[in-house]
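To start, the structure itself, in structure tokens.
Any read-out appearing in this document is the output of simple, stated calculations on the displayed coordinates, not a laboratory observation. Predicted model, so just to flag it, every value in this text is computed and none were measured. No Cβ is skipped: glycine too gets one built from the backbone with ideal geometry, and neighbour counts run over all protein chains shown.
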Amino acid sequence: MRGLSFHKPETTTILVADDDKLSRHMIRMMVEHIGYQVVEATTGEEALSAYETHQPHMVLLDAMMPIKNGFIVAQTLNDTYGEACAPIIMITALGDKQSIAKALNAGAFDYVTKPFNPHIIRNRISRLIDLHFAHHMMDQRNHFLESLWQISHAVNSTLDRQKMLEILTKALVYQLEATSAYVSDLNIQDNATTILATFACKDTQVDKFETDYYVGRRYSLVDDYPDAVSLLLNSRDGYIIRHVAEDQISEKELAHLVPYGVKTILHLPLSYQGELLGYIVVWNTTQQYDFSQEQLRLAVAIANVAAQSFYNATLYEKIQETATELEIRNHELDAYNHTVAHDLKNPISVVTNFASLAAIHAREDEKMQRYLDRIQSSGYRMAQMVDQLLLFSKLSDATALLQPVDMLEAALMARSRFEHELHDYKIMLTIMDDMPMARGHALWLEEVFANLIGNAIKYRDHTKDKTHIQIRSVMVGTDAVRYEVQDNGIGIKNEERDQLFQMFSRLDSTPADVKGFGLGLSIIKRIIDKLNGKVGMDSIHGEGSTFWFELPLAN
């Protein structure tokens, strides 16, 4: 895991506090000879102020300074900074046991009496500095491991991807002392990215960052974030930091950043098994703020853990979707079996019963004609149901090679099935003669048009003088076409729309004389889904309906 080692700082600073100029000079010479940087103070007050400003790694403190002596300064530093206080070496001419005990009780780590041996004091300084850094790095490692374990445990405790990402963004904001964070997925094929989860601190300029508004929003990698993928793929250290005032950022991206006063942006890739799944973005609005090396190490480690959790949660989500789809198909299969056992039994019984009666009354022509009509009617319904059930069952597992389809020809072929009904009921059916070609399956699309025309005829409004059916097309953007079948029939009530396109669904408002099995629209939806399209309808009850489906435009 790159970038996760802990090191000493490049510069080691030692605070020397002594009211004697000669002593300060001698100590400075020794300390700088070792390679450390020196900050001087001549009084206890100066020493406390210099410590707060420079945060030194060690303090060499004269015990006998005026006003605030070294004992008071040592006690004050330990009271203020506690375990984080740098080690203190007390230097003084006092060599009695009482003074030594007083120094140690005040928080001094060691005690050197004047005049001191330069060789001894250099060794003590070096030894204490090494111990201090070893202790500090151990604390860093412990804090790092504890934070990482807590966050890892939290994000791995759920397979709910949304919940996991919400935990992740919140943890990053608090651990990095940031303003806000969000997680997005990547769809390289579509050149798109979608925000999946966000979190923003309260009482900040990014408090306007409305999380509910942004979650689910889709952005273009070409137009909105043109540099996102290249930045993430080239992040050698596992992260990229950009400063809004210094780095080159596209105008489109600046439009997302400037309204919230963002100053610093941290990008963390979510990569698993060599695949870039998404990314994390952390914002800070603090002027001149940058993330510390400890924070960056933790952020990279969290992103590495989160990437696997993100992969697992996404995989689980897909498994759940597949399981749901299988459950729906099993339900449809059960419904199919029920229909075969129940609904087909009645038409077949009618056929056989009336055939028997026809044989008995074979010499009575009038009755024979009536019985034969019933036989034909029931036989037609039975054949129609069988055909629709067979088509629906075949569509469940069928795959089609998508090819350019002449939609005008498909509509005309479907129209030819209803010549008698159109003539008998005086229905006017018009078809747009310049409909563009779509990518699909010709026989399936003919079946779609046939079902929609059949429904328009079946649900015509008998109270109207004429029935009109119109088939037309409109472009949807530049790469898709919507095909519409509009009628002036009885229409559909708003409360019944949710039942459409469901298998074996018959609306409560369906007239009693309208025969059907509730299969036609479910077949249409299954076909259009197979062709990577969309299907829907618009209707006003009592005025008519427009059923439509969208398909990719054929090149």
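Here are the numbers for the structure shown:
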quantity: Extension reserve of the Glu543-Ala93 stretch, reckoned as 0.36 nm per residue once the Cα distance is removed; calculated: 151.3 nm
quantity: C-alpha center-to-center spacing [region 74-88, region 400-462] in angstrom; calculated: 87 Å
quantity: Listed residue pairs exceeding 25 Å between alpha carbons, taken from Lys426/Lys530; Lys318/Lys534; Lys163/Lys534; Lys163/Lys318; Lys170/Lys263; Lys426/Lys525; calculated: Lys426/Lys530; Lys163/Lys534; Lys426/Lys525
quantity: Note, ³J(HN,Hα) from phi for region 66-74, Karplus 6.51, -1.76, 1.60, rounded to Hz, x at Gly and Pro; calculated: x, 6, 9, 6, x, 5, 5, 4, 4
quantity: Cα gyration tensor shape of region 158-306, rounded if a/c is under 1.5, else prolate or oblate by comparing a/b with b/c; calculated: rounded
quantity: Tail weight of P(r) past 14 Å, computed on alpha-carbon pairs of region 88-132, percent; calculated: 49 percent
quantity: Karplus (6.51, -1.76, 1.60) ³J(HN,Hα), θ = phi - 60°, over region 186-191, in Hz, Gly and Pro reported as x; calculated: 10, 10, 4, 4, 9, 6
quantity: Amide H contacts of Met65 (H built 1.01 Å from N, under 5 Å, at least 5 apart or other chain); calculated: Gly70
quantity: Packing-based order for 261-267, 531-537, using average beta carbon neighbours within 10 Å, highest first; calculated: 261-267, 531-537
quantity: Two-site label geometry, Arg127 and Asp479: point separation in nm, points 7 Å out along Cα→Cβ; calculated: 7.3 nm
quantity: Unit Cα scatterers, Debye sum, region 13-146: log10 I(q)/I(0) for q = 0.11, 0.20 Å⁻¹; calculated: -0.36, -1.19
quantity: From phi via Karplus (6.51, -1.76, 1.60), per-residue ³J(HN,Hα) for region 420-427 in Hz, x at Gly/Pro; calculated: 5, 4, 4, 6, 5, 8, 6, 8
quantity: Mean shadow area of region 400-552 over all directions, Cα convex hull, nm²; calculated: 8.8 nm²
quantity: Contour excess over end-to-end distance, with Cα ends at Gln189 and Asn105 and 0.36 nm allotted per residue; calculated: 23.5 nm
quantity: Rounded FRET efficiency, nearest 0.05, which uses the C-beta distance separating Glu275 from Lys493 and R0 of 56 Å; calculated: 0.70
quantity: FRET efficiency estimate (nearest 0.05) - Cβ-Cβ, Glu294 to Arg329, R0 45 angstrom; calculated: 0.30
quantity: Potential lengthening between Leu315 and Asp139 on full extension [0.36 nm per residue; Cα-Cα distance subtracted]; calculated: 59.7 nm
